[in-house]
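Here the structure comes first, spelled out in structure tokens, and everything after it is commentary.
The values are calculated or read from the model by the stated rules, or taken from the named source; none is laboratory data. The structure displayed is predicted, hence computed values, not measured ones. Heads up, the Cβs are rebuilt from the backbone with ideal geometry, glycines too, and the neighbour counts pull from every protein chain shown.
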Amino acid sequence: METWNKDNIVQANKKLEGAELKGLDLAGVDLKNANLISANLVSANLSGSDLSGAKIFTAKGMRANLSNTNLSGASLLKANFSRANFNESNLNDADLMGANLLEANLRKAYLIRAKLVEACLTGVNLEGADLSEAILTGRYQREGYFSRGANLNNAKLAGAKFNNADVSGAEMAETDCTDVDFSNANLSETSFKNACLRSASFVKAKLGDADFRGADLTDSNFSGAELIEAKFQGVDLRKVKNISSEELELAFIDSKTQIPDYIVVNWTSEDTYECRMRP
């Protein structure tokens, strides 16, 4: 088995399929378009490296340091990077389908147009990350079947950008979504149960059948959002901004839902109601 270091990795012409790179210091190495399929990158230091376009699928990279690394267009299909550090890395257009990112640090990372279908995102830190146009949906078809929505339960998403992203069917129970930008995103059937959504933007978002029960929606903005069959039973909406009476009428509320002062609800029966804007 070859012993790898910075020098002979460069000499290998980036052909590193199955290479044992565990714990190596590879900071700043040029591995653009490299073949790292099934490589062992556990605890390796790849900070500041160029891995753009690299093939890293099925690789093991648990606890690896990939901070400030260029992974744009890279394929990490079914790779295991649990608890890895991607702080401020560029993952634009990367394929992370089926990747294990359990408790990974993606703070301030760029994931524009990234594919995260079936990725394990439990406990991931995405504070300040940009996931504009990313695909996390449970409806992305691959290999003849439809996959599940992303699991973001208990994730840290404060300040992240999901504008124009497809996050439908995702699980975000008890997730910190403070100041997250969900504008124009597809969030249909997404669960926000007991999530913190303070100052979140849902401007023109698709929220059909989304579940907000138990969520904190203080200062969130629902201007132009679609709310067909969204679940707001028992939710405090008094400090929600720009929610329309027409859309709220299409959602599910109950006698415990606290309505904003600018909307009047007239109950016609125990479970039917009409909403209108207060004059």
Qualifying residue in region 96-117 (condition: modelled with pLDDT under 90, in contact with a Leu (Cβ under 9 Å, 6 or more places away or on another chain) and over 22 Å from Asn33 (Cα atoms)): yes
The lone exception for Thr190 - which of (1) within 24 Å of Asn151 (Cβ to Cβ); (2) at pLDDT 95 or above; (3) not small (Gly, Ala, Ser) it fails: (2)
Close pairs (7 angstrom Cβ cut-off, 6 or more residues apart or separate chains): without any contact (Cβ under 8 Å) to a residue 60 or more places away in the chain and basic (Lys, Arg) in region 59-81, in a loop (DSSP other than H, G, I, E, B) and surrounded by fewer than 24 Cβ atoms within 10 Å (Cβ to Cβ) anywhere: Lys60/Val42; Arg63/Val42; Arg63/Ser43; Arg63/Arg83; Lys78/Phe57; Lys78/Thr58; Lys78/Gly98
Conditions (1) crowded, with 20+ Cβ neighbours inside 10 Å; (2) farther than 17 Å from Asn80 by Cβ; (3) more than 28 Å from the chain's Cα centre (by Cα); (4) among the small types (Gly, Ala, Ser); number of the one not met by Ser49: (3)
Filtered residue count, region 74-84, keeping only those that are buried (at least 24 other Cβ atoms within 10 Å of the Cβ) and either modelled with pLDDT under 95 or more than 19 Å from Asn35 (Cβ to Cβ) (or both): 1
Which listed residue, of Lys32, Lys15, is surrounded by fewer than 22 Cβ atoms within 10 Å (Cβ to Cβ) and touching an Asp or Glu at 6+ places or on another chain (Cβ under 9 Å): Lys32
Search result, residues across region 155-167 that are surrounded by 23 or more Cβ atoms within 10 Å (Cβ to Cβ) and among the small types (Gly, Ala, Ser): Ala155, Ala160, Ala165
Residue in region 256-266 that is touching a helix residue (DSSP H, G or I) at 6+ places or on another chain (Cβ under 8 Å) and either touching a residue at least 40 places away in the same chain (Cβ under 8 Å) or of a type in the set (Phe, Trp, Tyr) (or both) present: no
